[in-house]
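The values are calculated or read from the model by the stated rules, or taken from the named source; none is laboratory data. This one's a predicted model, so the numbers in the text were calculated from it and none came from an experiment. Using ideal geometry, Cβ is built from the backbone for each residue, glycine included, and neighbour counts are taken over all protein chains shown.
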Amino acid sequence: METSILQTGPRSPAVPSADLVTLLSQKVVGQSAATKAIVPYVYMYQSGLAPQNRPAGVFLLLGPTGTGKTKTVEAIAELLHGSEKKVVKIDCGEFQMEHETAKLVGAPPGYLGHRETTPLLTQQQLLEATSEGCDLALVLFDEIEKAAHSITKLLLGILDKGLLRLGDNTTVNFEKTLIFFTSNLGAREMMKAINPGIGFHSQIAKSQADMATRLESIALGAVRKRFSPEFVNRIDAVVTYSPLTREAMELILDHDIRALQDHVNLRLGERYFSIEITPGAREFLLQRGISDEYGARELKRTIHRQLTQPLATMVARGEVQPGAQVNIALGTDGEQLSLTPFGGAKLPAKHKPSILIVDDNHDLLFFLATELQEEGWEMLIAENAPQARLAFYQRKPPVVLLDYMLGEDDGLHLALEFQQQSPLAQIILMTGGGFSDEEQLICEEHDFPILYKPFLAQDVLNLARGRFNRVAAAASV
Ligand SMILES: Nc1ncnc2c1ncn2[C@@H]1O[C@H](COP(=O)(O)OP(=O)(O)OP(=O)(O)O)[C@@H](O)[C@H]1O
Ligand SMILES: [Mg+2]
């Protein structure tokens, strides 16, 4: 009967399996115990040797916050399916009440409104979390300790037989899945072990191995207290994540900075620049972004706030020349980074139509600036009404993109003022909230098109181009 294994055998992922260990440990830094525990189950599935009538692997991931538990599942999804979003995620915090099982599996027929309760876990959903090259779906139950006991019971059925019976009596088959549970069980006690008292510094440096063993026994103790032995016995591997070491933190920072540089190269094309970070600036980012308490949870946000946003502003203001090097050092006050561009050269000047964008959202400015510059527009930007007036009256841009909410100012008033001063100016309004009927009427009367956020860069490009052509046509008659 071994042919049946071959016939129904699994499809292989895009990444050759031999590379999986190396690639996974590059993405999830310093947690080799997790990689070593999980990867063999992927191999087993790929070879067709995974046991039948149960999931291909069941893992419980424990340990301090921000140490890479969720990241591990996302990284496997990226390696197997090409996208870290290919994970069926169930947030168990949403199923704390016994009656909430219906949200997960749908209500049985006969119950009022059963047609409206679409189950969260369906065969179709599992299918959508696979890819052409690999049919192994990843299912993540986050914060499993919060789930009501009725949910844990349902899960027992999945772990035991690989089947989940839905409210409408159909079944979902979990044989082609890896199931991950994450939990913060024992987290408080683990924190105490890591940080024994205020004023004492972490003992991690003293004995990394001792600490790992200690955390593991705390975690397992907490798990045994909360879950029944049947449940614990059906888990293939319980992995306790260690607090991040200094070396791991540095590697995660390197990785995030490389990702920022890649982003710059990709988005800015021939106008790319390079980033150089001094040791002082690195230390600043590490201090702000990584802690014993939150792991690396804050690092991405710190980099975004301290580095990406100021860089975006410089780029949008045209302060960084193509090919320049931007040196990033610790500012003299020690409270922020200082960014200094060196070198680079202006690209040969072409005649470019200009567009003024007025918005106080840095991210949006950066994003639009990049897209519009690629299309050959000269960008003028302003974050508030006084800056906008200055740019508008000095440079007379043919097209203006105005945000409706401008802190103290009102974008619509500004639009009316600009139109009165330069009737030919083409003004586009953006809004996140929406206009009142009266305001919409004003926009119609004055021929201000409205872009409702979120919108695609292509929408702005099309509108701006169309409006510019109008000015050009009006000027040529
Ligand atoms: N070991 C690691 N390797 C690489 N990146 C990491 C690692 N640990 C944390 N990070 C970074 O920190 C972020 C938060 O980590 P993650 O979401 O995996 O935490 P977690 O362990 O699931 O925490 P929680 O218990 O709070 O859910 C990740 O998106 C990633 O950028
Ligand atoms: Mg998590």
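Residues in the stretch 18-27: is at least one modelled with pLDDT of 90 or more and assigned to a loop (DSSP other than H, G, I, E, B)?
No: the stretch 18-27 contains no residue that is modelled with pLDDT of 90 or more and assigned to a loop (DSSP other than H, G, I, E, B).
What are the pairs with Cβ atoms under 8 angstrom where one residue, in the stretch 367-393, is outside the structural domain of residue 263 (by TED's automatic domain parsing) and farther than 20 Å from residue 454 by Cα and the other, located anywhere, is charged (D, E, K, R) and part of a strand (DSSP E or B)? Sequence gap at least six, or different chains.
Listed pairs, sorted by first residue: 384/409; 385/409.
In the stretch 210-224, what residues are in contact (Cβ under 8 Å) with a residue 12 or more places away in the chain and either more than 18 Å from residue 146 (Cα to Cα) or surrounded by fewer than 17 Cβ atoms within 10 Å (Cβ to Cβ) (or both)?
Answer for the stretch 210-224, where residues must be in contact (Cβ under 8 Å) with a residue 12 or more places away in the chain and either more than 18 Å from residue 146 (Cα to Cα) or surrounded by fewer than 17 Cβ atoms within 10 Å (Cβ to Cβ) (or both): 211, 212, 214, 215, 216, 218, 221.
Kindly provide the set of residues from the stretch 44-89 that are more than 17 Å from the chain's Cα centre (by Cα) and in a strand (DSSP E or B), ordered by number.
Passing the criteria: 57, 58, 59, 60, 61, 62.
This table checks each residue for (1) more than 22 Å from residue 380 (Cβ to Cβ); (2) free of Cβ contacts under 8 Å to residues at least 24 places away in the same chain; (3) in the same structural domain as residue 367 (by TED's automatic domain parsing).
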position: 252; (1), (2), (3): yes, no, no
position: 261; (1), (2), (3): yes, yes, no
position: 276; (1), (2), (3): yes, no, no
position: 280; (1), (2), (3): yes, no, no
position: 299; (1), (2), (3): yes, no, no
position: 302; (1), (2), (3): yes, yes, no
position: 310; (1), (2), (3): no, no, no
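Residue-by-condition table, conditions (1) within 16 Å of ligand 1 (Cβ to nearest atom); (2) in contact with a Gly (Cβ under 9 Å, 6 or more places away or on another chain):
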position	(1), (2)
123	no, no
126	no, no
131	no, yes
139	yes, no
151	no, no
160	no, no
166	no, yes
173	no, yes
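Would the stretch 305-313 turn up any residue that is among the aliphatic types (A, V, I, L, M), in contact with a His (Cβ under 9 Å, 6 or more places away or on another chain) and more than 16 Å from ligand 2 (Cβ to nearest atom)? Full working, then the answer.
So in the stretch 305-313, the residues among the aliphatic types (A, V, I, L, M) come out as 307, 311-312.
Filter once more, so that each one left must be in contact with a His (Cβ under 9 Å, 6 or more places away or on another chain): 312.
Next cut, more than 16 Å from ligand 2 (Cβ to nearest atom) only: 312.
Yes, the stretch 305-313 has at least one match.
Kindly list, by first and then second residue, each pair from a residue in the stretch 167-190 that is crowded, with 19+ Cβ neighbours inside 10 Å to a residue that is in a strand (DSSP E or B) and among the charged types (D, E, K, R), limited to pairs with Cβ atoms under 9 Å and residues at least 6 apart or on different chains.
172/165; 180/142; 181/142; 182/142; 183/142
Pull up the stretch 226-247, narrow it to residues that are assigned to a loop (DSSP other than H, G, I, E, B) and away from ligand 2 (no atom under 16 Å from the Cβ), then point me to the one that is farthest from residue 147 (Cα to Cα).
That would be 245.
Is it true that residue 152 is away from ligand 2 (no atom under 16 Å from the Cβ), under 14 Å from residue 90 (Cβ atoms) and of a type in the set (Ser, Thr, Tyr)?
yes
Suppose the filter is farther than 19 Å from residue 218 by Cα, more than 7 Å from ligand 1 (Cβ to nearest atom) and under 23 Å from the mean Cα position of the chain (by Cα); does residue 25 pass it?
So residue 25 fits the description; yes.
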